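Engineer: Got a structure for you, questions after.
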Amino acid sequence: MTVTVTHATAPGSDFSPTGATAWQEAHTVTGLGAMAEQAASAVAITGGTVDDVTLTRPIIGSTTWAGRPSAASYTGSIVKISDLGPMPSLWISDGTNWNPLTPTVVVSSASLVTGTTSASDQLVLAMQIPLGILIVGRVFAARISYGKSGTTDAMTAATTRMGENGTIADTSVGSMQALTAGQRSSGIEVWKRMASATSVQALGVGNGGLASWANSISGGALLAATTISDVTAAATYFSVTIQMAGTTNSPQTGYCEIVAMPR
């Protein structure tokens with residue numbers, strides 16, 4: 001690529017005829033790259049090396065949660081995560097962890113899930129929270145819709161669990177209201193906080209995690225914590241298990257989601 005320079009001003013009287021002619025001719029400057037002709041607001045760099053430049057808050061492109069770079073290498077940077085929940089989300093590095101810029105759905109289940117006709121406690125839904133989202137201090141909400149297939153049987157128990165298995169063997173971290181025979185469905189929002197890598201605190205009604213900030217009285221202690229499997233060692237499941245009183249109706253879950261809160 002070349003840059004052409006043309007003199008617009010006529011030469012002075014001390015120029016020789018030859019010099020004057022040369023002055024008026026077009027001049028070619030070589031050795032400049034393609035960026036010399038690009039607009040300042042639309043520069044395209046397609047190769048080469050940039051040395052000795054410090055980016056104070058680089059913006060990282062879109063990536064998956066598993067493919068995200070180290071938070072320690074990108075303090076203050078923002079990354080777009082493409083595969084958490086139903087839509088992409090933005091996360092910012094605090095130098096140690098990646099945190100959502102806004103309340104972010106990290107896993108969800110939009111289908112009607114129906115269990116079996118059994119009077120035993122059974123797993124109805126297990127949502128896997130990817131490793132690295134549940135960190136110490138993280139507050140998250142679980143929004144659960146649940147019910148049953150008919151009005152013959154009542155529920156004996158409805159439980160939320162957390163652990164590395166995604167089964168009824170995981171630790172109970174809260175109870176939901178068991179429906180009577182004539183009731184079909186209910187919904188709940190459970191708030192939790194990771195007090196440590198192996199301890200989750202209940203927030204909300206009576207600090208039992210039964211709803212979000214409703215006015216209720218309970219005998220439960222403030223910030224009661226439950227020991228669970230290490231959330232920093234493996235992905236953690238948030239599960240719903242339900243026990244029916246009979247074998248005519250099946251337990252169900254509807255739309256459910258886990259929402260990570262900013263720190």
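The values are calculated or read from the model by the stated rules, or taken from the named source; none is laboratory data. Remember, it's a predicted structure, so these values are computed and weren't measured experimentally. In this analysis, Cβ positions are derived from the backbone assuming ideal geometry, glycine residues included, and neighbour counts consider all displayed protein chains.
Engineer: Quick one: in region 222-263, which of the residues that are assigned to a strand (DSSP E or B) and among the small types (Gly, Ala, Ser) is farthest from Phe140 (Cα to Cα)? Break it down stepwise before answering.
Structural biologist: So the first thing to find is which residues in region 222-263 are assigned to a strand (DSSP E or B), and the list is 225-227, 236-244, 251-260.
Right, trim to among the small types (Gly, Ala, Ser) and you get 225, 239, 254, 260.
Numbers: Ala225: 15, Ser239: 14, Gly254: 19, Ala260: 5 Å.
Residue satisfying both the conditions and the ranking: Gly254.
Engineer: How many residues does region 60-81 hold that are of a type in the set (S, T, N, Q) and in a strand (DSSP E or B)? I'd like the intermediate steps shown before the answer.
Structural biologist: First, the residues of region 60-81 that are of a type in the set (S, T, N, Q): 62-64, 70, 73, 75, 77.
Filter again for in a strand (DSSP E or B), leaving 62-63.
Qualifying residue count, region 60-81: 2.
Engineer: Can you tell me which residue among Ile188, Ile168 is out of contact with any helix residue (DSSP H, G or I) (no Cβ under 8 Å at 6 or more places or on another chain) and either more than 25 Å from Ala234 (Cβ to Cβ) or basic (Lys, Arg) (or both)?
Structural biologist: Details: Ile168 fails: either more than 25 Å from Ala234 (Cβ to Cβ) or basic (Lys, Arg) (or both).
Of the residues listed, the single one that is out of contact with any helix residue (DSSP H, G or I) (no Cβ under 8 Å at 6 or more places or on another chain) and either more than 25 Å from Ala234 (Cβ to Cβ) or basic (Lys, Arg) (or both) is Ile188.
Engineer: In addition: Of the residues Leu84, Leu90, Leu131, only one is assigned by TED's automatic domain parsing to the domain that holds Leu203 and either assigned to a loop (DSSP other than H, G, I, E, B) or surrounded by 11 or more Cβ atoms within 10 Å (Cβ to Cβ) (or both); which?
Structural biologist: Details: Leu84 fails: assigned by TED's automatic domain parsing to the domain that holds Leu203; Leu90 fails: assigned by TED's automatic domain parsing to the domain that holds Leu203.
On inspection, the qualifying residue turns out to be Leu131.
Engineer: From the set of residues in region 163-185 that are outside any strand (DSSP E or B) and aliphatic (A, V, I, L, M), which is farthest from Thr253 (Cα to Cα)?
Structural biologist: To start, the set of residues in region 163-185 that are outside any strand (DSSP E or B) comprises 164-170, 177-184.
Next, only the ones that are aliphatic (A, V, I, L, M) stay: 168-169, 178-179, 181.
Numbers: Ile168: 16, Ala169: 19, Ala178: 13, Leu179: 13, Ala181: 17 Å.
Once the filter is applied, the top-ranked residue is Ala169.
Engineer: Scan region 76-96 for residues that are farther than 15 Å from Ile60 by Cα and without any contact (Cβ under 8 Å) to a residue 40 or more places away in the chain and jot them down. Give the derivation first.
Structural biologist: Step one: list which residues in region 76-96 are farther than 15 Å from Ile60 by Cα, which gives 83-87, 96.
Across region 76-96, the qualifying residues are Asp83, Pro86, Met87, Thr96.
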